[in-house]
Amino acid sequence: MGRENIYQSLEVFYEKIDTCPLRDRQFNFFEMVYVISGNGSYCTNGNKVDFRSGDLFLTTPNDCHEFDLYGICEFIVVRFGENYIREYQWKSIDHIECLLYYASDLTGSVLAGHQDKQMVRILMGQLGQTIEHDNIYNQDLIAHLVNAIIVIAARNISAVKPKNISPSADVRIMQILDYIQEHIRNPERLKIAVIADLFGLSPTYLGSYFRKQCSETIQHYISSYRIRLIEHRLQFSDKRVHEIADEFGFSDESHVNKFFKRHKGMSLRSFRMKGTKQSFAG
């Protein structure tokens, strides 16, 4: 399997092709592919879906993907790497976190709502026109358009249900999941008794209710979500360990390291160093 690298923090380009030029490739960057025209099938990590005009696909680092095209197709491709994420993270980290956390749940187009599809169509049209001409402040305009698309994509991805959630899940479990994600940095608000009282349930019933709806315990879901966000801090920010501990409500570095090591088998610093070595190897 070949690997593809990115050499700028943000790359945007237009393609009109009848054959996918890259097949069985693993990327070390994020890529959004917007379908302007044409149709075919899209495969990522072994999952295959049909695509058509107006679809938007997201792949993340280490995903393997390819397109099968049924005739001539037009695309706008947006690629961004870790440096771009660090810059965007400083402005509004939640959008990027949302993309990263739910990426493994995506099997098709990111866009679901008609209104958002229309907005992305307009933004992609403007993006296509902008990259055609080398005008002053083009890079700033391109970044603003890309950021707007990321926000819309994040809004759609945030509505994706966790993989194990029951098909018949009710509205209340989605509200509980939203609450956990909103308050993931505040352990006091994630105590079982607090969540149960807020949603009018007994602590005992909340546990069995959550497990039935999501096929895992609520404690496991909270821990897994917190671990994933801490991993993102280590991979895509320059935050120190004590800053990460403060952000997620741990008493000190030792506490967050014990928590992380229990789930990942290594310290935060070891995880960061491992990620750095893999980036250089790629």
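Does region 239-248 contain at least one residue that is in a loop (DSSP other than H, G, I, E, B), within 24 Å of the chain's Cα centre (by Cα) and hydrophobic (A, V, I, L, M, F, W, C)?
yes
Considering 84, 42, 70, which residue is at pLDDT 80 or above, over 15 Å from the mean Cα position of the chain (by Cα) and buried (at least 20 other Cβ atoms within 10 Å of the Cβ)?
The unique qualifying residue is 42.
Of 259, 248, 271, 236, which residue is surrounded by 14 or more Cβ atoms within 10 Å (Cβ to Cβ), aromatic (Phe, Trp, Tyr) and out of contact with any Leu (no Cβ under 9 Å at 6 or more places or on another chain)?
After applying the criteria, what remains is 259.
Out of 96, 122, which single residue is modelled with pLDDT under 70 and β-branched (Val, Ile, Thr)?
On the way: 122 fails: modelled with pLDDT under 70.
Every option except 96 fails the conditions.
Just to be sure I understand, how many residues within region 196-224 are surrounded by fewer than 17 Cβ atoms within 10 Å (Cβ to Cβ) and part of a helix (DSSP H, G or I)?
Total satisfying the criteria: 13.
Identify the single condition in (1) surrounded by 14 or more Cβ atoms within 10 Å (Cβ to Cβ); (2) free of Cβ contacts under 8 Å to residues at least 12 places away in the same chain that residue 181 does not satisfy, given that it satisfies every other one.
(2)
Considering only region 176-215, state which residues are among the acidic types (Asp, Glu) and more than 28 Å from residue 272 (Cα to Cα).
Answer for region 176-215, where residues must be among the acidic types (Asp, Glu) and more than 28 Å from residue 272 (Cα to Cα): 178, 197.
Provide a single number: the residues in region 45-67 that are modelled with pLDDT under 90 and surrounded by 19 or more Cβ atoms within 10 Å (Cβ to Cβ).
Of the residues in region 45-67, 5 are modelled with pLDDT under 90 and surrounded by 19 or more Cβ atoms within 10 Å (Cβ to Cβ).
Out of the residues in region 184-195 that are part of a loop (DSSP other than H, G, I, E, B) and basic (Lys, Arg), which is surrounded by the fewest Cβ atoms within 10 Å (Cβ to Cβ)?
Among those residues, the one meeting the criterion is 191.
The values are calculated or read from the model by the stated rules, or taken from the named source; none is laboratory data. Everything numeric here is computed off the predicted structure, so don't read it as measured data. Every residue, glycine as well, gets a Cβ built from its backbone with ideal geometry; the counts of neighbours run over all protein chains shown.
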